[in-house]
């Protein structure tokens, strides 16, 4: 039978084991689980930024549509909502209403609060206000806001995993091997035999190039992440970003979609061609597109027909053909161009997702090449040593 002394020793051992387990659990929670949770929360916050911008814009567009359906003034409706002190619209909404209370119109207040809506959406609302009917531009605004879903899907499904998880891990492993393992391995090879294996010599000779190429890839992804988090407001501040966006196939197609839809709405409303062209080009929020539209306006002032002048905006000539057919249609420009706008939207979505998938596949192949070279350098050296020992 256990004595009281042995029982006390057993209880002390159990208590020490429990305390050690609790200590390990606390350390694991502090130094592993907590940083992991914080990292996941930060990733969710930054990745979902386009969706939150989308939700804010949709909420504001719903308010505008409700006010227009009731026949109320938009400014008065926004003021009444702000006076209810509801936190759902956000701080920038209340700041926007504060400018409206000073006597500014909606378009003027949007210019004072540039971070409330995307530049394209604000430009479309300004065009609707200039036209005298905001209701006609709301469908185009809603379609533009929906582009955030494609952007977020491409970032979450493909690029975030390869760009910010697998590539940094591969870079960390490769840098550790080249800085710490390869020199020791080369010393072992030199001590055991004369010379080195061809594969190890190849990797050792180009290890700096391989390392800096991975750093360059990671830097490009971080640059893309900054642009992604900054959103359209950041991209609109730099001329290089405007040119890059115009050269990106899916972004250019969305510009053509937004421009053609707004141009059709403005022309159907009876607005002069030159003014409609300028306002529609402003809705693209791209300086390259605006410059081309300015050339079209100059040609219109010289007496060139609209169907001929728009050739400057589309090198393929498809928009000119569509606009020519729309000018002869009895239902107006908008019904005739709706099908083409939907086709542009579908092509843009397909190209964006394809580009994300191709980029991910290229990273997989590149990381696979690096892994193969390292494996050949190590195992090829071992085989070379065995062969040299047998021949000796």
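Derivation of every value follows stated rules applied to the coordinates shown; laboratory data play no part. Here the structure is a predicted model, which means the values were calculated and not measured. Ideal geometry is used to build each Cβ from the backbone, glycine not excepted, and the neighbour counts take in all protein chains shown.
Before moving on, here are some points about what is shown:
- Prolate/oblate/rounded label for the stretch 50-117 (Cα gyration tensor, a/c 1.5): rounded
- Rounded FRET efficiency, nearest 0.05, which uses the C-beta distance separating residue 357 from residue 69 and R0 of 41 Å: 0.50
- Burial ranking of peptide ranges 264-271, 301-308, 104-111 (average Cβ count within 10 Å, highest at the top): 264-271, 104-111, 301-308
- Separation in nanometres of the label points that stand 7 Å from Cα toward Cβ, at residue 248 and residue 301: 3.3 nm
- Shown for 94, 206, 242, 330: other C-beta atoms within 10 Å of each C-beta, ranked fewest to most, produce the order 330, 206, 94, 242.
- Annotation: the residues 120, 253, sorted from fewest to most other C-beta atoms within 10 Å of their own C-beta, follow the order 253, 120.
- Stokes-Einstein D (µm²/s) once Rh is taken as the Kirkwood radius of the stretch 204-273 over alpha-carbon pairs, at 25 °C in 0.890 mPa s: 159 µm²/s
- Span from the the stretch 69-100 Cα centroid across to the the stretch 282-324 one, whole angstrom: 37 Å
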